[in-house]
Each structure stands twice: as structure tokens, then as C-alpha cells.
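See structure below.
The values are calculated or read from the model by the stated rules, or taken from the named source; none is laboratory data. Note that this is a predicted model, so its numbers are computed, not measured. FYI the Cβ positions are ideal-geometry reconstructions off the backbone, even for glycines, and counts take in every protein chain you see. SASA here: full protein model, heavy atoms, side chains in, ligands and nucleic acids out. Shrake-Rupley method; radii C 1.70, N 1.55, O 1.52, S 1.80 Å.
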Amino acid sequence: MKVTVVGAGNVGATCADVIAFRQLADEVVLVDIRENFAEGKALDIYQTTSLMDVKTKISGSTNDYSKTANSDVIVITSGLPRKPGMTREELIGTNAGIVKSVAENALKYSPKAVIVVISNPMDTMTYLTLKSLGLPKNQVIGMGGILDSARFKGYLGLALNAPAADLQGTVIGGHGDTTMIPLTRLATVNGIPASQFLSADQLKQIAADTMVGGATLTKMLGTSAWYAPGAAGALLVESILRDQKRVMPCCVYLDGEYGQKDICLGVPVVIGRNGWEKIVDYKLTADEQEAFNKSADAVRSMNNVLKE
Ligand code: NAI
């Protein structure tokens, strides 16, 4: 199995590192536009392989996509990240051109690869990739909800003083500070509703912290986060390569599901070898559906910016 990660910056290199470290693929290729940058990151990761007893092959390339030929998955992380005070949406102009050209180049050499879009604004970049390349809808998956859900579980874990890994929590909707929807109703601690341990006010605060979770880190770090985003990308890649059929909140094309059409938005989907296979219906309450519709309106107006 072969994975290409485009963009050898913070998120791309971390994602490649987790894929290699966990030996999810036989081969990982990192690509970047900056001369020698991907080669350098790949060499550094390669030099950890003897220390970690890892056998995955890893190499880098400056924009030579022939090295990526026959990839099973292409992860797109190329583009600008946020700076403190910026929204993800402000990145649209620059990142749209980058994401489209990267996807075109990579697909020339791996036409059947599942495309994982991470660059922001991710919901719009996923829609752009799908529409501009005319791909089958199941082949394109945006990664945002897995990260947002990890942040949700992280804040739940801090409030409960429990390991986040023991918690279940899902964030659907858009991958934006005001468009994501942490489903507090469905948050559980080893199967027991979190509402049995936390007050309604506490859960409300956890949802609010989750929604600005990325902005909080951007303020602390001076740029957007990378450890959890890279690991979230790798987890999605794992479910694809190993055909795990895990249910994960991902940004996919909706054709009437969850009451929305002609948009890519975060919903729970089954992830397997050929991409996303099936949308799972969580049967939203009226309030959750209203929030989902508002999220769709915001993402749709962002998509329309590209059509202007
Ligand atoms: P970064 O600046 O560290 O890395 C981006 C890399 O892309 C740079 O190395 C740059 O040289 C490269 N690049 C730019 N244009 C390129 C092109 N045409 N071809 C190949 N490479 C190119 O940024 P970072 O922190 O890695 O973030 C990457 C993207 O991921 C940003 O758009 C950020 O907003 C997004 N992001 C998305 C998340 C999500 O959950 N969907 C979470 C975190 C970040």
C-alpha cells in the first residue's frame, strides 16, 4: 500500500510520520513545492525508522508527481494555515488554486486513489476537489470532523478527569468555528451518557470550547495546530487502507441525506478501502437539524465564492 501526502509542512509531515510510525502503509511519499523541503522531512522521518523498528519506506519530492504513481490514498495538506485571529474561511482564495492543481497532478499518476482533503476551508476544498475533477463522490473525503471530535473528547476528558480514549463524542456539520456541531446528546463515557456526569451548563461550555478549539491553539502557537490534525488524517487513512469500515465523521457529498443536497459537509460515514461507503443516519433532533441546516447555509455561501 502506498500513500502520498502533499504538503510537507506541520500537518502533512506529522500525518506522514504517524502513518510511517504505525506502519499503516508500505510506502509514504511526501511532496512539497518548496525546494528540498519534502526530501528533508522524509529523510528526518526515515532516520527514526531504525530507532522505532519501522519498516515503512519514506521519501520526499519537490513537485515531481511521478514519484507518487500508484498511490492508494492521496492526502492533501498543501496551502496556507491560519494565523492568530484569522478564520479558516479567509484562506479560500490562495488555497483553492493550490488544492485544485495538486489534486489534478496527483490524480494523473494515481487515478483510482482515494483523496483525503485537509487544507482549509476544508468543506469548500472538498467540494471543489470533487466538482472540478469530476470524481465519483465516494473517492473524495474531507477530514475535519475526526479532529473536531478528538477535541470534543479531549475537553470532555478534562472535565471528567477521565482518559479521552475512553470517551465517545461526535462533531458533525462544517469544519468552522461557527459551523461545527458537537453532539452533546450522544457523548458517552464507556456507553453511559455524559449528561449523567456533567451538568447541562458544563456540556454547553465543552461544546463552546470545542468549536473554538482550533482558534485557541492558533493563539497559543502562533499558527494552527498539527499533532492532532496529522494524527486525525492518519486515522482516516488507516480505515481506508485496512478496509476497517469504521464510522467516522467526515466531510462527504450529500445528495439529500441529512436534508441537504449538492454540498460537502461533515456526517458520520463508513470508511473502507474504496473511500466512504455509506452515510449513517444519526436521526437528529429538531434543534440539531436546525443547526445542521445553518451550517450548510454558511458552507454553501463559501462554496459560492468560488463560483463568482
Ligand atoms: P504549513 O504551512 O506548515 O504547510 C503547508 C505546506 O504546503 C508548506 O510546506 C508549503 O510549502 C506547501 N505548499 C504550498 N503550496 C503547495 C503546492 N502547490 N504544492 C505542494 N505543496 C505546497 O501548514 P500546515 O499547518 O501544515 O496546514 C496545512 C493546511 O491544513 C492549512 O490549510 C491548514 O489550515 C489546514 N488544516 C486543516 C485541518 C483540518 O482539520 N482539516 C487541521 C489543521 C490544519
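Quick one: would you say Ile206 is touching a helix residue (DSSP H, G or I) at 6+ places or on another chain (Cβ under 6 Å), buried (at least 22 other Cβ atoms within 10 Å of the Cβ) and of a type in the set (Val, Ile, Thr)? So Ile206 passes the test.
Looking only at region 78-129, count how many residues are polar (S, T, N, Q) and open to solvent by 40 Å² or more (accessible area, probe 1.4 Å). Within region 78-129, residues that are polar (S, T, N, Q) and open to solvent by 40 Å² or more (accessible area, probe 1.4 Å) number 4. If you filter region 17-59 down to residues that are closer than 23 Å to Pro111 by Cβ and within 11 Å of the ligand (Cβ to nearest atom), you find that the one that is most open to solvent (accessible area, probe 1.4 Å) is Ile33.
Among the residues of region 1-30, those identified as among the hydrophobic types (A, V, I, L, M, F, W, C), touching a Lys or Arg at 6+ places or on another chain (Cβ under 8 Å) and over 26 Å from Leu217 (Cα atoms) are Leu24, Ala25, Val28, Val29. Val75 meets each of the listed conditions (1) open to solvent by 10 Å² or more (accessible area, probe 1.4 Å); (2) under 14 Å from Gly233 (Cβ atoms) apart from (1). Determine whether region 277-286 contains at least one residue that is free of Cβ contacts under 8 Å to residues at least 40 places away in the same chain, open to solvent by 30 Å² or more (accessible area, probe 1.4 Å) and farther than 18 Å from Val171 by Cα. Scanning region 277-286 turns up no residue that is free of Cβ contacts under 8 Å to residues at least 40 places away in the same chain, open to solvent by 30 Å² or more (accessible area, probe 1.4 Å) and farther than 18 Å from Val171 by Cα. Hey, does region 184-194 have a residue that's at positive phi and open to solvent by less than 50 Å² (accessible area, probe 1.4 Å)? No - not one qualifying residue is present in region 184-194. Within region 187-244, if we keep just the residues that are in contact (Cβ under 8 Å) with a residue 12 or more places away in the chain and hydroxyl-bearing (Ser, Thr, Tyr), the residue that is nearest to Thr4 (Cα to Cα) turns out to be Ser239.
With the structure loaded, tell me whether Lys108 is of a type outside the set (A, V, I, L, M, F, W, C), touching a residue at least 12 places away in the same chain (Cβ under 8 Å) and within 12 Å of the ligand (Cβ to nearest atom) or whether it fails that test. No.
Counting only strands (runs of 3 or more DSSP E) that fall entirely inside region 116-219 and contain at least 2 residues that are in contact with a Pro (Cβ under 6 Å, 6 or more places away or on another chain), the qualifying elements are 171-173.
Select from region 220-245 the residues that are touching an Asp or Glu at 6+ places or on another chain (Cβ under 8 Å) and part of a helix (DSSP H, G or I) and list them in ascending order. Hits for region 220-245 are Gly230, Ile240, Leu241.
Which ones in region 236-248 are in contact with a Leu (Cβ under 9 Å, 6 or more places away or on another chain) and buried (at least 22 other Cβ atoms within 10 Å of the Cβ)? Val237, Met248, listed by residue number. The residue pairs whose first member lies in region 137-156 and is away from the ligand (no atom under 11 Å from the Cβ) and modelled with pLDDT of 95 or more, whose second member is assigned to a helix (DSSP H, G or I) and open to solvent by 30 Å² or more (accessible area, probe 1.4 Å), and whose beta carbons are closer than 6 Å, counting only pairs six or more residues apart or on different chains, are Lys153/Ala164; Gly154/Ala164; Tyr155/Asp209. Within region 256-266, the set of residues being in contact with a strand residue (DSSP E or B) (Cβ under 9 Å, 6 or more places away or on another chain) and surrounded by fewer than 24 Cβ atoms within 10 Å (Cβ to Cβ) comprises Glu257, Tyr258, Gln260, Lys261, Asp262, Ile263. Checking the structure you have, find out if any residue of region 27-41 is at pLDDT 95 or above, touching a Phe, Trp or Tyr at 6+ places or on another chain (Cβ under 8 Å) and within 26 Å of Gly97 (Cα to Cα). Taking every residue of region 27-41 in turn, at least one turns out to be at pLDDT 95 or above, touching a Phe, Trp or Tyr at 6+ places or on another chain (Cβ under 8 Å) and within 26 Å of Gly97 (Cα to Cα). Within region 122-131, the only residue that satisfies the criterion of being farther than 15 Å from Gly275 by Cβ and away from the ligand (no atom under 15 Å from the Cβ) is Lys131. (1) within 23 Å of Ala225 (Cα to Cα); (2) open to solvent by 20 Å² or more (accessible area, probe 1.4 Å); (3) more than 9 Å from the ligand (Cβ to nearest atom): which one isn't true of Lys67, the others all being true? Unmet condition: (1).
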